[in-house]
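J.: Pasting a structure below so you can have a look.
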Amino acid sequence: LHRSLYTGPETTTIDAAELIRTMLNDLAPASPDVALTIDTRLDEVHLFPDQAVPLSMLFSEAMTNAIKYAGRPEDGPARISVVLEARENGVIFFCLENTLGQRLMPEADFDNEVGGLGTRLMRAFISQLEGRAEQDQDERTYRYMVTFKRADFTGDAAA
């Protein structure tokens, strides 16, 4: 986030799509033994730091969960899909989904979550975005969706 803010041509906003791409490189499983395809559909969405920070933290938590629970379905490869979409009236849609099935990552590869800390953090990040989260699951896929309105800069330029 710091690199995106200070090295980008626009110093007041951050392209959330580029931020997510950068974070994917750090969060995606590096092991060649993990056969996991990650698809992205990322619209260019410029956010002020007040929203870019909680979105990046939300993405980190949600992606960690998607990797943790990703499974190989009986009829195809294991996949994670990340969508960031700019909609009408400044609404931003973020969706992260993973296939279900035979788990790819052993539980020992992740620390056990203490008292649902990750879930509480995700709720806090969504609250900071003034957003709404929904979850959906069928026999093949788990989806985590968040919508929020892109905030306009409200700081006092004279201060």
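J.: Please say if the range 41-84 is rounded, prolate or oblate, where rounded means a/c under 1.5 for a ≥ b ≥ c the square roots of the C-alpha gyration tensor eigenvalues, and otherwise the choice is prolate for a/b larger than b/c and oblate otherwise?
T.: Details: a/c = 7.49, a/b = 2.06, b/c = 3.63.
Oblate.
J.: Right, next: Taking amide hydrogens as modeled 1.01 Å from N in the peptide plane, which residues meet the under 5 Å criterion relative to Ala78, leaving out close sequence neighbours?
T.: The list, which skips near neighbours in sequence, is Thr37.
J.: Right, another one. What's the local net charge at Gln128, with K and R +1, D and E -1, over the other residues with C-beta under 14 Å away?
T.: Neighbour charge sum, excluding Gln128 itself: +2.
Throughout, read-outs are computed from the coordinates displayed, never taken from laboratory work. From a predicted model like this one, the values you see are computed outputs, not experimental measurements. All Cβ positions, even for glycine, are placed from backbone atoms using ideal geometry, and neighbour counts span all protein chains on display.
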